Amino acid sequence: MHFDLIIRNGTCVLPWGEARTDIGVRDGRVASLTAGVADDADEIVDAAGLHVLPGLIDPHVHLRDPGDATVESIPTGTRAAALGGVTTVFDMPNTAPAITDAEMVRWKQEYASRESWVDFAMYVGATRANTPHLGEYERFDGVCAIKVFAGSSTGDLMIEDDEGIRHVLEHGHRRVAFHSEDEYRLQARKAMFTPGMPYDMHRVWRDEECAFLGTRRIVALARRTGRPVHILHTSTAEELAYLPECRDVATVEVLVNHLTQVAPDCYDALGALAIMNPPIRDRRHYEASWEAVRNGTVDTIGSDHAPHSLEAKARPWPATPAGLTGVQTLVPVMLDHVNAGRLSLGRMVDLMAAGPARVYGLQAKGRIALGYDADFTLVDMKAQRRITNDWIATPAGWTPFDGMAVTGWPMATIVRGHAVMREDTILGTPSGRLARFAP
């Protein structure tokens, strides 16, 4: 048989486990899992010594577009994703202007289809004004979910009260993604803190109860309305002990930072470069996050890639903006966790490929299977590298993992049968497409 692409000699992570097999690709889809030695192709990739993973997904990025291209944009952010072994990204709506209406959704559809290096999806931000139209927006091509900022946002994207959240949940039917910190507690505690206090005070202000209270409220409203929700960047032991009882309505995301960095050490070492929302917490919460990964509570892992310039980050707390770069370092850091024995490669693939597909209804992605998109992340599990700022493609130019030695590295990123990265080199031209979701 003739294929467009054959990947030979790799150890493939298939839905039922690892197997040494050759994959045939035709018209951007997986056409064979047993391509023979007599079969040929326009292109043959020798993956000897590599693991072939289904294309990995970062379901939580802020590419800041429209916004400030000197910090990030869709072209630069998706280039970073490709360099990091990520084949699909889901982009958040809190841009300038925000993605909250049909005009902005159509603008982003067209722009991303032209400029993205990897496949692309977007959230639509819920506002009090657009709530009646949310069911319409979630049917647009490339829209992965509705996003609600129940805390720590500004302007129209803030919906912090029960009535407003309930109203959102009553419009549409797909899963709604939540930033679930409780805005009332945040505002009530603000007077306790003064400018110029240590950066470590960020986690004291946005404490465990702030997150847990927000999550309990959202779950209660989800049960009242029957609408499924996804709790983004879950960060506390309390939430992760509670959420297994909520599988009827709630799925769970954790971030790579909460699985990798621990307070107060991260604030001592990085200062403002450790400031994110929800904050990096102490070892009790770190251990709880790993236990939740192991016991099945966690459905997805993301980066919450949210770059700011070094100049902005240098401001004293609390004026420094919250947010870290992460899409390019997500895969290397998680591969290092696999090599350290914290989770299996199969579990990592479930959390970073099949998991996002399940939670969001992503079509034809998330696994290596016949008829699925030919998205692959090829990794060298034995490669020893060091993450450095000069590797980062994001214009902001920094990573909180600068200097971190890792074992495991993405060697190629293949999107719908086309290699967009090999051995740290971007190939071709942007050819990303809008991801498809169940209606």
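The values are calculated or read from the model by the stated rules, or taken from the named source; none is laboratory data. Keep in mind that what you see is a predicted model, and the values were worked out from it rather than measured. Note: ideal-geometry Cβ built from the backbone for every residue, glycine included; neighbour counts use all protein chains shown. Side chains included, ligands, DNA and RNA excluded: accessible areas come from the protein's heavy atoms. Shrake-Rupley method; radii C 1.70, N 1.55, O 1.52, S 1.80 Å.
Residue-wise test of (1) hydrophobic (A, V, I, L, M, F, W, C); (2) within 21 Å of I74 (Cα to Cα); (3) without any contact (Cβ under 8 Å) to a residue 60 or more places away in the chain.
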| site | (1), (2), (3) |
| --- | --- |
| V331 | yes, yes, no |
| L343 | yes, no, yes |
| G355 | no, no, yes |
| R367 | no, no, no |
| T377 | no, yes, no |
| G397 | no, yes, no |
| G417 | no, no, no |
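Please list, ordered by first then second residue, the pairs with beta carbon atoms under 8 Å, 6 or more apart or interchain, first in the stretch 309-324 and of a type in the set (G, A, S), second surrounded by fewer than 16 Cβ atoms within 10 Å (Cβ to Cβ).
Note: pairs meeting the criteria are S309/T70; A319/P195.
Quick one: is D424 in contact with a helix residue (DSSP H, G or I) (Cβ under 7 Å, 6 or more places away or on another chain) and either over 20 Å from I23 (Cβ atoms) or of a type in the set (G, A, S) (or both)?
It is true that D424 is in contact with a helix residue (DSSP H, G or I) (Cβ under 7 Å, 6 or more places away or on another chain) and either over 20 Å from I23 (Cβ atoms) or of a type in the set (G, A, S) (or both).
Here's the yes/no breakdown for (1) among the β-branched types (V, I, T); (2) surrounded by fewer than 22 Cβ atoms within 10 Å (Cβ to Cβ); (3) in a loop (DSSP other than H, G, I, E, B):
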site: P59; (1), (2), (3): no, no, no
site: A69; (1), (2), (3): no, yes, yes
site: G77; (1), (2), (3): no, no, no
site: A81; (1), (2), (3): no, no, no
site: T88; (1), (2), (3): yes, no, no
site: P97; (1), (2), (3): no, yes, yes
site: M104; (1), (2), (3): no, yes, no
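Can you pull out every residue in the stretch 403-416 that is small (G, A, S) and either over 21 Å from the mean Cα position of the chain (by Cα) or not in a strand (DSSP E or B) (or both)?
G403, A405, listed by residue number.
Taking interchain pairs and intrachain pairs at least six residues apart, which have beta carbon atoms under 8 angstrom, with the first residue in the stretch 6-25 and under 19 Å from D380 (Cβ atoms) and touching a residue at least 24 places away in the same chain (Cβ under 8 Å) and the second part of a strand (DSSP E or B) and basic (K, R)?
N9/R20; G10/R20; T11/R20; C12/R20
Does the stretch 273-293 hold any residues that are open to solvent by 10 Å² or more (accessible area, probe 1.4 Å) and touching a Phe, Trp or Tyr at 6+ places or on another chain (Cβ under 9 Å), and which are they?
Answer for the stretch 273-293, where residues must be open to solvent by 10 Å² or more (accessible area, probe 1.4 Å) and touching a Phe, Trp or Tyr at 6+ places or on another chain (Cβ under 9 Å): just L273.
How many of the residues making up the stretch 374-396 are over 20 Å from L5 (Cα atoms), of a type in the set (A, V, I, L, M) and under 20 Å from the mean Cα position of the chain (by Cα)?
Selection size over the stretch 374-396: 4.
All but one of (1) assigned to a loop (DSSP other than H, G, I, E, B); (2) at pLDDT 95 or above; (3) more than 26 Å from Q261 (Cβ to Cβ) hold for P439, so report the exception by its number.
So the condition that P439 fails would be (2).
Does R223 satisfy the condition of being over 25 Å from H337 (Cβ atoms) and among the charged types (D, E, K, R)?
It is true that R223 is over 25 Å from H337 (Cβ atoms) and among the charged types (D, E, K, R).
Go through the stretch 417-436 and report how many residues are within 19 Å of the chain's Cα centre (by Cα) and open to solvent by 70 Å² or more (accessible area, probe 1.4 Å).
Adding up the residues that qualify gives 2.
Considering only residues that are outside any helix (DSSP H, G or I) and open to solvent by 10 Å² or more (accessible area, probe 1.4 Å), which ones fall in the stretch 106-118?
The answer is W117, and nothing else.
When the stretch 39-57 is examined, which residues are found to be in a loop (DSSP other than H, G, I, E, B) and open to solvent by 20 Å² or more (accessible area, probe 1.4 Å)?
Result: D39, A48, G49, L50.
Report, by residue number, each residue of the stretch 9-38 that is over 29 Å from the mean Cα position of the chain (by Cα) and open to solvent by 30 Å² or more (accessible area, probe 1.4 Å).
Of everything in the stretch 9-38, those that are over 29 Å from the mean Cα position of the chain (by Cα) and open to solvent by 30 Å² or more (accessible area, probe 1.4 Å) turn out to be N9, T34, V37, A38.
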